[in-house]
Amino acid sequence: MAEEKKPASRSAAVKKLAATKAAGEYQKKWFLEMRERVEREGCDFAILNADVPMEIFRAMDIPFVVNQWWSAICGAKRKTKRYFELMRENGYRPDLDSYCAMALAESYDPDDKKLDEEGNPIGPWGGLPRISISITRATSDSLVKIYDLLARNHGGELYVMGNTIARKTPLNWYELAADRWEEIYDSDRLDAAVEDLKELIRWLERKTGRRFDMNKLQEVMDLVNEQEGWYKKIRDLIAQCHPVPVTVVDTINAVMQAQWQRGTRWAADHARGLYEEIKVLVDKGEAAVPNEKLRMMWLGRGMWQDFAFYQRFEEKYGAVFMWSMYLAMGADAYTRNHVEKDPLRALTARFVGMEDFLHMPPWNSSWFIQQARQNDIDGVVYMIPDNDVIALEGSYFIIRNLEDAGIPVLSFQADPVNVGKWNAETMTGMVEEFIEQRVIPNREKINKKSPSVQ
Amino acid sequence: MLGGGLILTIGKEVTASMSIRPCALRSEAFCTLKEAYDQRDAQALKWRKQGKKVIGKLGFDVPDELLLAAGMFPVQVCADAGKPLAEANKYLENAFESVVRAQFEKLVDGTYGELLDGLAISNSNDTIIRIFYYLREIHRVEPEKNVPPVTFIDWTFTRSRLWQNRCEFVIELFKQQVEQWAGRTVSDDEIRAAGKLMNENRAALRAMAALRHGEEVRINGSEALTIIGAGLFMDKEEHTELVRRVVEDAKAWAPVTGKRVFYSGANHEDTALYEKLEELGLVVVGEDTDWGDRSYERDMDLSCPVIRGIVDRYFLRTPTVEKSRVAQSVEILSGQVEATGAQGVIFYTNAYAEVATFNMPEQRKMLEGRGIKHMTFSRMTYPLRKNEGLDEKLAEFAAEMKGGE
């Protein structure tokens, strides 16, 4: 999440893709139009946790936002500090799951819908419309509380979807997820989650008066597959380029903003446009960092408060942060082919495993090692959230896996949201030391063994 | 074993406690319970020496009924405040709460590897779900570690018929695991018999609780925690019998006087906090924790199919402070305060396990509306002695409670 106060930084992040700008512009226009519609029609408006199947809402044409996307907008609009204060003033701990609690904090802001002295809206883009539907999956106890309070403060209704824990732990899930998705889950988990989805649909039909159309869902699912297919092509293209045409600074925002719009024609077209733009760079032989020497992987949530951080090691070391989970998730985790057989089951097979591949070893650790290999990674910088139970993910196993494969890892524990705890100088020094003492010597060792790899 | 000096009373070796009163220590039944509470591995070790199976429980939604039916000895996994956390610090990120870290240490350093034949983890909160992931992965990548075989009970506490049915499937899976550990099938009659035993145990504890918060308080908070907690480490039949005897003995114990306090929040595996409160002249008349009052709420319905009966007991009992909806948490606390006659409430959460704080603003409003005092202790750690400024804050609360007297 971006922040109100920029930490000391040597340079601003340089983003070069038109697709990034286009996504930023689109999301504001989309939000304002959506809010205008909610106000005009007086229709239901939903806030969803990131792992709630938004495709159902898309197919039923129920206006919604994804909570974590809205948190990013609140951060970008410099609201975090004020919202932390509002949580405190209302008796809540501002530091608990703050990444998910921005909309809740906003609901306590009496000025949210007002204008400032210059006539600008005080709430982010004028604030969220009244939430009539608040939905989360029971993936964490605190999420249920947050959505419960959100519903209460807006006078809306809470709906909680169930969550189950994987007994199966397929090490190669990323190879199976697109076409053989039935194999990666315990069947009973999928069965239960499909029934849960049907109950959600029935509840939404009653609540909103809208009808669910399976053909429309299939259309949405096909668009999602189309979009994610482009991300796979982009990821594979970047992975095979030496030097890479773009870095995580270019790809994270371009992908994530469109990911929240998945299932729309716009998002699929945007993903295609992103691919074409990067392909042109590749065809022209353009390099993000012409003196690329080291390829770096970023593990953990994006460093929203200091994107320029990723670029600080380019000139001095030729070290390029070229991998983050945001693009790779789209490439490997979201596509579910053979939708036509059973669109609800295919959709279930997407959302039911989101926690598994992100936060459960060995799903995550086996994927990271495969990705490190595909992308010829020289070193991994791994930010482990230090205040968030939801994001606990077996970092020991992830690090062990990578190190055992000969890939050096620098790990540190930090709060990805609280800019007050972020020290750009210390972090830069730590990564520089890591590059000098571990990544470069390791690269040299490999080069000696097989000179052709250089 | 817990820390603290040992005293010898009625032939039993029990740990000295400031709050356990001489009248309690004159009760042989109470001293036997206290011995089990203090010497937590003792009965499990005896059981194992007889060639019987001991199963550890992590989380408070592991059905004793199935383990008992299979002839196994269930024992709650607990922390040891004296152990350095070398293994826990190696495997666990900062955001694991302190008690769970200390429990994990014993699960990975071989302590429980030596004691347990199996470990059943229930998804009672977000943190211990992760402990399951990590232990499962340790088994896979570091099989040389002496970690007991692990199984997971994937309760889904979302209250709907769909998820209640799913829980029946989950408990059937757990039953199959228990049968595998036992090396034999477990009959419905055996499960009903175990359910009856557990219902009797819960009934005995409810009779004990009535002496905590009746018109006259005969059993103080530390004594109650000892009586309840002993059951997590001893034979259930013996525990039931001892609790019944304590209830009879306690009717003659001197009444405890002082302002009544209800405790809400983190589990306490020892009596340290209650002792402090009692030293300040407060009386802890109830709590919403699994090491306390919550453990004996709701019986198993023996008239329905056994798996459904077990699900009914664990799925439908009062939710924990973590699992309840906010409005529900207000209603629950209101009822508990009413039932116990509490004049004050202590909210207490450990750092990194503070979901319950989302309930508290609304709960405080309710208490204030009824003129009930409250104090909140958050970002706490285990063991209790590591919390700086706690004594001062407790004294401040006690003074506020006593104000006007």
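The values are calculated or read from the model by the stated rules, or taken from the named source; none is laboratory data. Note that this is a predicted model, so its numbers are computed, not measured. No Cβ is skipped: glycine too gets one built from the backbone with ideal geometry, and neighbour counts run over all protein chains shown. With ligands, DNA and RNA removed, areas are computed over all heavy atoms of the protein, side chains included. Shrake-Rupley method; radii C 1.70, N 1.55, O 1.52, S 1.80 Å.
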With the checklist (1) of a type in the set (S, T, N, Q); (2) over 19 Å from the mean Cα position of the chain (by Cα); (3) within 10 Å of another protein chain (Cβ to nearest Cβ) in hand, flag the one item B:Thr111 doesn't pass. (3)
Output yes when any residue across segment B:261-278 is touching a strand residue (DSSP E or B) at 6+ places or on another chain (Cβ under 7 Å) and among the polar types (S, T, N, Q), and no when none is. yes
Name the residue that is farthest from A:Leu96 (Cα to Cα), counting only residues in segment A:367-405 that are assigned to a loop (DSSP other than H, G, I, E, B) and facing chain B (nearest Cβ under 9 Å). A:Gly394
Scan segment A:282-299 for residues that are touching a residue at least 12 places away in the same chain (Cβ under 8 Å) and surrounded by fewer than 20 Cβ atoms within 10 Å (Cβ to Cβ) and jot them down. A:Val282, A:Glu286, A:Ala287, A:Pro290, A:Asn291, A:Glu292, A:Lys293
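Just one of A:Lys316, A:Lys279 is assigned to a helix (DSSP H, G or I), of a type in the set (Lys, Arg), in contact with a Leu (Cβ under 7 Å, 6 or more places away or on another chain) and surrounded by fewer than 20 Cβ atoms within 10 Å (Cβ to Cβ); which is it? I'd like the intermediate steps shown before the answer.
Values: A:Lys316 fails: in contact with a Leu (Cβ under 7 Å, 6 or more places away or on another chain).
Result: A:Lys279 is the single residue among A:Lys316, A:Lys279 that is assigned to a helix (DSSP H, G or I), of a type in the set (Lys, Arg), in contact with a Leu (Cβ under 7 Å, 6 or more places away or on another chain) and surrounded by fewer than 20 Cβ atoms within 10 Å (Cβ to Cβ).
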Considering only helices (runs of 4 or more DSSP H) wholly within segment B:27-110, the ones with at least 3 residues that are of a type in the set (Lys, Arg) and out of contact with any helix residue (DSSP H, G or I) (no Cβ under 6 Å at 6 or more places or on another chain) are B:42-49
Pairs under 8 Å by beta carbon, first residue at the interface with chain A (Cβ under 9 Å from one of its Cβ atoms) in segment B:149-170, partner assigned to a strand (DSSP E or B) and among the hydrophobic types (A, V, I, L, M, F, W, C), six or more apart or different chains? B:Phe152/B:Ala120; B:Phe152/B:Ile121; B:Thr158/A:Val160; B:Thr158/A:Met161; B:Val170/B:Ile153
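Inspect all residues belonging to segment A:359-366 and state whether any of them is touching a residue at least 12 places away in the same chain (Cβ under 8 Å) and either away from chain B (no Cβ under 12 Å) or more than 28 Å from A:Arg295 (Cβ to Cβ) (or both).
no
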Sort out which residues of segment A:155-214 are in a loop (DSSP other than H, G, I, E, B) and hydrophobic (A, V, I, L, M, F, W, C), and write them in order of number. A:Ile165, A:Ala166, A:Leu171, A:Ala177, A:Ala178, A:Phe212
Give the residue that is least open to solvent (accessible area, probe 1.4 Å), with candidates limited to residues of segment B:114-139 that are assigned to a helix (DSSP H, G or I) and away from every other protein chain (no Cβ under 14 Å). B:Leu115
Give, as residue ranges, the helices (runs of 4 or more DSSP H) completely inside segment A:59-108 that count at least 2 residues that are in contact with a strand residue (DSSP E or B) (Cβ under 8 Å, 6 or more places away or on another chain) and either touching a residue at least 60 places away in the same chain (Cβ under 8 Å) or not hydroxyl-bearing (Ser, Thr, Tyr) (or both). A:67-76
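Checking the structure you have, find out if any residue of segment A:423-431 is within 14 Å of chain B (Cβ to nearest Cβ), farther than 27 Å from A:Arg180 by Cα and either of a type in the set (Ser, Thr, Tyr) or not in a helix (DSSP H, G or I) (or both).
Keep residues of segment A:423-431 that are within 14 Å of chain B (Cβ to nearest Cβ), which gives none.
No, segment A:423-431 contains no residue that is within 14 Å of chain B (Cβ to nearest Cβ), farther than 27 Å from A:Arg180 by Cα and either of a type in the set (Ser, Thr, Tyr) or not in a helix (DSSP H, G or I) (or both).
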Unique match (being buried (at least 20 other Cβ atoms within 10 Å of the Cβ) and away from chain B (no Cβ under 14 Å)) among A:Val160, A:Val224: A:Val224
Of the criteria (1) within 21 Å of B:Leu197 (Cα to Cα); (2) surrounded by 18 or more Cβ atoms within 10 Å (Cβ to Cβ), which one B:Ala79 fails: (1)
Scope segment A:408-422; condition open to solvent by 10 Å² or more (accessible area, probe 1.4 Å) and either more than 8 Å from chain B (Cβ to nearest Cβ) or at pLDDT 95 or above (or both); matching residues: A:Val409, A:Leu410, A:Ser411, A:Phe412, A:Ala414, A:Asp415, A:Asn418, A:Val419, A:Gly420, A:Lys421, A:Trp422
Output the residues belonging to segment A:35-56 that are in contact (Cβ under 8 Å) with a residue 60 or more places away in the chain and either basic (Lys, Arg) or not in a loop (DSSP other than H, G, I, E, B) (or both). A:Arg35, A:Val38, A:Glu39, A:Ala46, A:Ile47, A:Leu48, A:Met54, A:Glu55, A:Ile56
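Please find, among B:Gly183, B:Gly214, the residue that is small (Gly, Ala, Ser), open to solvent by 50 Å² or more (accessible area, probe 1.4 Å), more than 14 Å from chain A (Cβ to nearest Cβ) and free of Cβ contacts under 8 Å to residues at least 24 places away in the same chain.
Being small (Gly, Ala, Ser), open to solvent by 50 Å² or more (accessible area, probe 1.4 Å), more than 14 Å from chain A (Cβ to nearest Cβ) and free of Cβ contacts under 8 Å to residues at least 24 places away in the same chain holds for just one of B:Gly183, B:Gly214, which is B:Gly183.
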Please find, within segment A:178-215, the residue that is most open to solvent (accessible area, probe 1.4 Å) out of those that are away from chain B (no Cβ under 14 Å) and among the aromatic types (Phe, Trp, Tyr). A:Phe212
Name every residue in segment A:167-177 that is open to solvent by 30 Å² or more (accessible area, probe 1.4 Å) and either more than 14 Å from every other protein chain (Cβ to nearest Cβ) or over 27 Å from the mean Cα position of the chain (by Cα) (or both), in order of residue number. A:Asn172, A:Tyr174, A:Glu175
Considering segment B:171-180 alone, what residues qualify as being more than 14 Å from chain A (Cβ to nearest Cβ) and either touching an Asp or Glu at 6+ places or on another chain (Cβ under 7 Å) or among the acidic types (Asp, Glu) (or both)? B:Glu179
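Check A:Ser71, A:Ser132 and return the single one that is at pLDDT 95 or above, among the hydroxyl-bearing types (Ser, Thr, Tyr) and under 23 Å from A:Leu32 (Cβ atoms). Let's see the steps before the verdict.
Numbers: A:Ser71 fails: at pLDDT 95 or above.
The unique qualifying residue is A:Ser132.
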Working only within segment B:176-214, note down all residues that are closer than 24 Å to B:His239 by Cα and of a type in the set (Lys, Arg). B:Arg192, B:Lys196, B:Arg202, B:Arg206, B:Arg212
Does any residue of segment A:8-29 turn out to be assigned to a loop (DSSP other than H, G, I, E, B), modelled with pLDDT of 95 or more, out of contact with any strand residue (DSSP E or B) (no Cβ under 8 Å at 6 or more places or on another chain) and of a type in the set (S, T, N, Q)? no
Residue list for segment A:341-358, filter: within 14 Å of chain B (Cβ to nearest Cβ) and of a type in the set (A, V, I, L, M): A:Val352, A:Leu358
Residue check, B:Arg260 open to solvent by 10 Å² or more (accessible area, probe 1.4 Å), outside any loop (DSSP other than H, G, I, E, B) and either under 22 Å from B:Gln363 (Cβ atoms) or not charged (D, E, K, R) (or both): yes
